[in-house]
Structure formats: structure tokens, C-alpha cells
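Worksheet: one structure, shown below.
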Amino acid sequence: SRCVHLTYLDLSENLLEGQLPPALASLPKLVYLSLSGNSFSGEIPASFGSFPAIETLILSANLLTGTIPKELGNLRTVKMLQLAYNPFSPSRLAPELGNISSLESIWVSGNNLFGDIPDSFARLSQLTDLDVSSNKLTGPIPSWIFQLTNLIQIELFNNSFTGELIRGWSNLTALRRF
């Protein structure tokens, strides 16, 4: 790629279509990428797990299919990951996403996710926003959520969680929205 100095790319809310270009991940200084609100289709390229400097990756509200690639768990600099409202195939939330220690916000609403929230997410100690709403998630609300003391917002609505709300709320002193 010749755009070696490009740091910010926002093509959101256009009429773009086709597959996501895998070569975007080779932009060495790209820290912000928003392609939301378009008609991109096909799978998220595995290469998107190798952005060298990305901090914000927004792919929400497209027509992306397949599953959320486990390779995204290789991202080391991403703080905001927004993949919501894509018609992904029914699948579990990739536990590898719990490896992204820099992650502050994850938005995976309306993505045909089922099963539970992976325990690996307990390692996301920088997380301020967890939005897994409008999926088909089940099981109890994980107790480790109450150990993520930086959480400001937790969105779990429109799923099928079961069980009791456990103690631990007092640990979430930054929480503003549940």
C-alpha cells in the first residue's frame, strides 16, 4: 500500500458495497477505521486481526456474514471494537476477543450470537462499555463482570440470560448504565 502515512479513514454512512479489502490491515499507521452504515458483505478478512496500530475499528451496520473472526483477538492496540448489527451466521462469541488487553469498548449487538459470554472476557480489565444486547445469549450473567471495575455501561438486554443477579454491584463504582 502506498498510503503509509494514513492514520484516519472514515467512510461510514455511504453506499459502499462488496467485500472488505484485506489490504486495509497492512496500513502501518492506521489508528481509526470506520466503515459502518454501508453494504459491505462477505466475511471479515482474517487479516483484520493484524492491524499494527489500530485503536478504533468500526464495522457495524453492514451486511457482513460468516462469524466474527477469532483473529481479531490478535489485535494489541484496539480500544474500540464495534461489529454490531451485521447478519453473521449464528455462532458463539469468540473467546479470543478476551485477549485484547487494550479493549475499552466492545459492541456486538444484533449479531446472531448464542451461548454464554466467554470467561476470557474477565481479562478485559480496561473495559468501560460491554454491549452484547439483542442476541441469543443464554446462561447466568457471569460473576466476573462485577470485577471489571472500569465498566461504565453494560448492555445485556434482549437475550435469554437466566438465574439470579448476584452480589458484586458495589464493585462497579463507575457504572452509570445497566
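The values are calculated or read from the model by the stated rules, or taken from the named source; none is laboratory data. These numbers were taken from a predicted model, which means no experiment stands behind them. Counting neighbours? That spans all protein chains shown, and the Cβs are built from the backbone with ideal geometry, glycine included. Keep in mind that these areas ignore ligands, DNA and RNA; they rest on the heavy atoms of the full protein, side chains included. Shrake-Rupley method; radii C 1.70, N 1.55, O 1.52, S 1.80 Å.
Each residue of region 30-42 was assigned a 3J(HN,Hα) from its phi angle through the Karplus expression (A = 6.51, B = -1.76, C = 1.60, θ = phi - 60°), giving 5, 10, 9, 9, 10, 10, 5, x, 10, 10, 4, 10, x Hz with x at Gly and Pro. DSSP assigns beta bridges within the chain; of those with both partners inside it, close to 0 percent run antiparallel.
The dipole here belongs to region 25-162: it is taken about the Cα centre, uses +1 on the Cβ of Lys and Arg and -1 on the Cβ of Asp and Glu, and is about 160 debye. Computed over protein heavy atoms with a 1.4 Å probe, the accessible surface of region 106-178 works out to 51 Å² per residue. Computed over the Cα atoms of region 1-59, the ratio of the radius of gyration to the Kirkwood radius (Rg/Rh) comes to 0.93. The candidate values are [x] 51, 49, 34; [y] 78, 31, 23; [z] 53, 28, 24; the one derived from this structure for Cα extents along the principal axes in Å carries the label [z].
Couplings 3J(HN,Hα) of region 14-21, computed from phi: 10, 10, 6, 9, x, 8, 5, x Hz, in residue order, whole Hz [Karplus 6.51 cos²θ - 1.76 cosθ + 1.60, θ = phi - 60°; x for Gly and Pro]. Under a Gaussian network description of the chain, with springs only between Cα atoms under 10 Å, the residue in ARG76, ARG167, ARG123 that fluctuates furthest is ARG167. Near GLU155, the amide H atoms lying under 5 Å from its own belong to LEU130, ASP131, VAL132; only residues 5 or more places off or on other chains count, and H is placed 1.01 Å from N. Karplus-based coupling profile of region 153-160, in residue order and whole Hz: 9, 10, 10, 10, 5, 6, 10, 10, with θ = phi - 60° in 6.51 cos²θ - 1.76 cosθ + 1.60 and x standing for Gly or Pro. Computed packing ranks the peptides 4-16, 147-159 as 147-159, 4-16, most packed first, by mean other Cβ atoms within 10 Å. Only protein atoms count toward the accessible area here, which uses a 1.4 Å probe; on the chain, the carbon and sulfur part of that area reaches 52 percent.
Over all other residues within a Cβ to Cβ distance under 15 Å of ALA46, the charged ones net out to -2, with Lys and Arg as +1 and Asp and Glu as -1. Relative contact order of the chain: 13 percent, from C-alpha pairs under 8 Å at least 6 residues apart in sequence. Summarising the amide proton neighbourhood of ARG92: residues at separation of 5 or more, or on other chains, whose placed amide H is nearer than 5 Å comprise PHE114. A Förster distance of 25 Å, applied to the separation of the beta-carbon atoms of ARG2 and TYR32, puts the FRET efficiency at 0.85.
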